[in-house]
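Below is one structure, written out as structure tokens; comments come after it.
The values are calculated or read from the model by the stated rules, or taken from the named source; none is laboratory data. This one's a predicted model, so the numbers in the text were calculated from it and none came from an experiment. With ideal geometry, Cβ positions are generated from the backbone for all residues, glycine too; neighbour counts draw on all protein chains shown.
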Amino acid sequence: MSKIDFTSLKTRLCYDPQTGKFTWLVRVNSKVPSGSIAGTVMSTGYLHITIKGKKLLAHRLAWFYTYGVWPTNQIDHINGKKLDNRINNLRDVSASENLRNRHKTGGNNPYIGVSRIKDTLLWQAHIGFDGKQKNLGRFKTAELAQIAYLDAKKIYHPTAPH
């Protein structure tokens, strides 16, 4: 995605770090007056804002607006909510650190790092580390497997928030 300069950003948008919302300081067009909330939700679930014909991700804009520099890596939403662009919910991290902060998105299993062992009543816990999958054991319940995963996450993914 293209970038803009700091002055252009500050003259067009206002960012509230407590809510994570951007509002327009200028009239964008006849349908978007100044004071309007900026941004459109993309199919990926992230918010983008178009400035001077350039589509910019709102979470990256929030970082730039707050710190005056573009993030050097990926911006991770700590709580996993793609539209929560409050600055205290954002962190500049490597791709691998960002992947370690995955959140469960549905299905029959409510836990990351836990899977049902086919044709048994057991659950398997596993964690990725150094490009490999590490088996953490088999457990009678998904909850016990989740505890093993969370304990391992403290060791193998110490920079992940939970």
- Scanning the range 45-69 for residues that are touching a residue at least 12 places away in the same chain (Cβ under 8 Å) and more than 19 Å from the chain's Cα centre (by Cα), which turns out surrounded by the most Cβ atoms within 10 Å (Cβ to Cβ)? ILE51
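Would you kindly identify the strands (runs of 3 or more DSSP E) lying entirely within the range 107-148 that contain at least 3 residues that are farther than 20 Å from GLU97 by Cα and without any contact (Cβ under 8 Å) to a residue 24 or more places away in the chain? Reasoning before the result, please.
Details: elements: 114-116, 123-129, 132-139.
By residue number, 132-139.
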- Among the candidates ASN73, ASN85, single out the residue that is in the same structural domain as HIS48 (by TED's automatic domain parsing) and either of a type in the set (A, V, I, L, M, F, W, C) or without any contact (Cβ under 8 Å) to a residue 40 or more places away in the chain (or both). ASN73
- Message: Condition first: β-branched (Val, Ile, Thr), modelled with pLDDT of 90 or more and surrounded by fewer than 18 Cβ atoms within 10 Å (Cβ to Cβ). Can you find one or more residues in the range 78-91 that meet it?
- Response: yes
- Task: For the range 15-27, enumerate the residues that are farther than 20 Å from ILE75 by Cα, surrounded by 13 or more Cβ atoms within 10 Å (Cβ to Cβ) and not polar (S, T, N, Q).
- Result: TRP24, LEU25
